[in-house]
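The values are calculated or read from the model by the stated rules, or taken from the named source; none is laboratory data. In this text, all values refer to a predicted model and were calculated from it rather than measured experimentally. With ideal geometry, Cβ positions are generated from the backbone for all residues, glycine too; neighbour counts draw on all protein chains shown.
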């Protein structure tokens, strides 16, 4: 293995509070961080003007395999994640079969070991078949290696079942990541209920459907002492509820998607009337208002929201090329996630420190991943290196046709973003590089 | 293939030309474009009043009506309009077509284009479906009603009818009452009426109102209220909308009885409006529910005239869109 020397980048490690221009020498592990490092035989990569940070960690990714390989596979979607700067992702369990038993989870881990380009940590189901009726065998799933529990897009609607689930997951000591939604209030809405839904004649999901579910689940987390992780918060009130729960000392964490930080309900309306009903902007929970978007950015800045998680949701062409009501929910965004975040930084809407924390140490702490993967989300000398090099000022135009992901479903196609992932090191090896072909 | 003879039977007083390939909603129309439609419709109305009532202006053009939902007046009106202009008409409904075999909307619309359709008039149960269709065909798409979104030709025929009775809509008060939230007619009417400078009041039970549409526009304005009696004060035109019985099952209204109590357009309520106020309804009516029979067929009612005018307005739109294609 050839050693790698990244020369002259701005090295930032949110966990250790490092932020300085330095060289980074890697030979399987992070060997040295310092100035003027001389390493004979090492491959030298000039990264002046770039940011060198720990590899990004995603708490919420959809890999589609097994069961929906036409939308994505572990091979294609982990390659997409790698190009997006992610070296660790947590795989959501909305596959077929869903990992609701140890045997399905073990089979998934075998495919991951064979096909994944990066580290994939599976999330197990809360209920059997994600049906919200009976609890899955949670402790066996935990022993088989899941890092959290979730029924993903199917909220645990039954309040008593949710309380029982939290009692078990609390005892096991793993987070329960919940898509907080009240299905009877949501009423099958296909976008945010408000100005644009009323304009376009589409059924809307009211803000209260998310907020009331968060309030209920926070109460149940308090009653059980369990760790509740709130997936993709999207409203201003959601942020306030999380803040209050944290202030009261509850074990509540939260994530926000780059899509909700970057886009609003207006994306469904499209840029021109010809582009109206853009199914690529159909996502669950839906894109909200500008006031909500601003509140999410403030909540992230204040540390109320722990992590930026992609909710990367690749779909096949036909899943989106249809009537808006019929289209699948979700955005393929893992290849653009970091760039949208860096664009927000470039616009002055988000601080660089917060952005990097939310992509590295933030998610690691939210799911307590360091106990499972030593050194993850940080640059620690002597520890296996996951690292990403980003040019924060390089502008590029999104071309979904060039995505490694099978999902080309992005409302950002043709949009110019600022900030590009240049190199990614995974476990000490240069796994992706825009400049160094045959890397 | 398409031959548009510039018949002297149709002359319009304006120099403005139609440019848009499709008519998907009224919200993108300028006041000048609306004027062009109405002026052309006047000429068509004159054609319809002749003994034969037909011209050969669109000879060689193929108009397809593609209806995924049931319809009496819109489909028949378009067919009569197209035939009155000499176009060939093909009528397709979802039942009995390849839609039943699961053919996608895009494939269907491309098939129609390949067959030689110049204009596809489309009725669909899903909001936005004509936008999807229009993006994937070079044929012109006319929205004949999509889900709970828009019904632009209805709005234009309503405006045409209003204009023939009250003249300019500038400063006139129009009350639209009923299930406004789920009404494609109300929404499209709102845009044309606001462009015409009217003051529109959308009225109905709180659960059936699009509260965010209220506001001042460039020309007209929109108010939203649950108080029908108050809304009727100073009204020049009252349009009642069809209330669907399913709204009761989904909890949006307590009962039809309760709806009638608050929102039926009846003789007592019509007294509140300005004397001689026009009574309109896009049809089909539930007489005795959203509108009392004596009012539906009373002196101020122009409901049947709306249907008649629909042919002239649809002729105008087919003419303008097809001529623009030939240019």
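Quick rundown of the values:
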{"read-out": "Strands (runs of 3 or more DSSP E) (entirely within segment A:1-72) containing at least 2 residues that are within 28 Å of the chain's Cα centre (by Cα)", "value": "A:4-13, A:18-27, A:29-34, A:51-54, A:56-61"}
{"read-out": "Qualifying residue in segment A:234-251 (condition: modelled with pLDDT of 95 or more, assigned by TED's automatic domain parsing to the domain that holds residue A:317 and under 24 Å from residue A:326 (Cα atoms))", "value": "yes"}
{"read-out": "Test: residue in segment B:191-205 that is within 17 Å of residue B:244 (Cβ to Cβ), free of Cβ contacts under 8 Å to residues at least 60 places away in the same chain and out of contact with any strand residue (DSSP E or B) (no Cβ under 7 Å at 6 or more places or on another chain)", "value": "yes"}
{"read-out": "Members of segment A:294-335 that are outside any loop (DSSP other than H, G, I, E, B) and either within 14 Å of another protein chain (Cβ to nearest Cβ) or at pLDDT below 95 (or both)", "value": "A:317, A:318, A:319, A:320, A:324, A:325, A:326"}
{"read-out": "Candidate set from segment B:151-174 (those that are touching a residue at least 60 places away in the same chain (Cβ under 8 Å) and assigned to a loop (DSSP other than H, G, I, E, B)); member that is nearest to the chain's Cα centre (by Cα)", "value": "B:151"}
{"read-out": "Number of the condition not met by residue A:40 [criteria: (1) without any contact (Cβ under 8 Å) to a residue 24 or more places away in the chain; (2) in contact with a strand residue (DSSP E or B) (Cβ under 9 Å, 6 or more places away or on another chain)]", "value": "(2)"}
{"read-out": "Residues of segment B:197-215 classified as part of a strand (DSSP E or B) and farther than 16 Å from residue B:27 by Cβ, total", "value": "3"}
{"read-out": "Among residues of segment A:158-195, those that are within 14 Å of chain B (Cβ to nearest Cβ), in contact (Cβ under 8 Å) with a residue 40 or more places away in the chain and in contact with a helix residue (DSSP H, G or I) (Cβ under 7 Å, 6 or more places away or on another chain), counted", "value": "4"}
{"read-out": "Which numbered condition residue B:234 fails, given (1) on the phi > 0 side of the Ramachandran plot; (2) in a strand (DSSP E or B)", "value": "(2)"}
{"read-out": "Residue match in segment B:182-193 (condition: in a loop (DSSP other than H, G, I, E, B), crowded, with 23+ Cβ neighbours inside 10 Å and away from chain A (no Cβ under 12 Å))", "value": "no"}
{"read-out": "Residue A:199, sole failed condition from (1) within 14 Å of another protein chain (Cβ to nearest Cβ); (2) part of a strand (DSSP E or B)", "value": "(2)"}
{"read-out": "Residue within segment A:346-356 that is farther than 30 Å from residue B:110 by Cβ, in contact with a strand residue (DSSP E or B) (Cβ under 7 Å, 6 or more places away or on another chain) and surrounded by fewer than 24 Cβ atoms within 10 Å (Cβ to Cβ) present", "value": "yes"}
{"read-out": "Enumeration of residues in segment A:194-208 that are more than 21 Å from residue A:275 (Cβ to Cβ) and surrounded by fewer than 23 Cβ atoms within 10 Å (Cβ to Cβ)", "value": "A:206, A:207, A:208"}
{"read-out": "Identity of the residue in segment A:126-157, in a helix (DSSP H, G or I) and touching a helix residue (DSSP H, G or I) at 6+ places or on another chain (Cβ under 8 Å), that ends up surrounded by the most Cβ atoms within 10 Å (Cβ to Cβ)", "value": "A:141"}
{"read-out": "Residue B:158 being farther than 15 Å from residue B:64 by Cβ, at pLDDT 95 or above and away from chain A (no Cβ under 11 Å)", "value": "yes"}
{"read-out": "Residue within segment B:195-207 that is within 11 Å of another protein chain (Cβ to nearest Cβ), on the phi < 0 side of the Ramachandran plot and more than 11 Å from the chain's Cα centre (by Cα) present", "value": "yes"}
{"read-out": "Some residue of segment B:44-60 being at pLDDT 95 or above and within 14 Å of another protein chain (Cβ to nearest Cβ)", "value": "no"}
{"read-out": "Matching residues in segment A:60-78 - criterion: being surrounded by fewer than 19 Cβ atoms within 10 Å (Cβ to Cβ) and within 21 Å of residue A:284 (Cβ to Cβ)", "value": "A:67, A:70"}
{"read-out": "Selection status of residue B:288, under 24 Å from the mean Cα position of the chain (by Cα), under 30 Å from residue B:171 (Cβ atoms) and free of Cβ contacts under 8 Å to residues at least 40 places away in the same chain", "value": "no"}
{"read-out": "Extreme residue, nearest to residue B:53 (Cα to Cα), among residues of segment B:72-113 that are within 14 Å of another protein chain (Cβ to nearest Cβ) and part of a loop (DSSP other than H, G, I, E, B)", "value": "B:94"}
{"read-out": "Number of positions in segment A:336-393 that are in a helix (DSSP H, G or I), touching a helix residue (DSSP H, G or I) at 6+ places or on another chain (Cβ under 8 Å), in contact (Cβ under 8 Å) with a residue 24 or more places away in the chain and within 22 Å of residue A:148 (Cβ to Cβ)", "value": "6"}
{"read-out": "Residue list for segment B:114-150, filter: surrounded by fewer than 16 Cβ atoms within 10 Å (Cβ to Cβ) and either facing another protein chain (nearest Cβ under 8 Å) or assigned to a helix (DSSP H, G or I) (or both)", "value": "B:114, B:115"}
{"read-out": "Boolean, residue A:239 is over 25 Å from residue A:121 (Cα atoms) and either within 14 Å of chain B (Cβ to nearest Cβ) or crowded, with 18+ Cβ neighbours inside 10 Å (or both)", "value": "yes"}
{"read-out": "Yes/no for residue A:276 being under 30 Å from residue B:125 (Cα atoms), at pLDDT 95 or above and within 14 Å of chain B (Cβ to nearest Cβ)", "value": "no"}
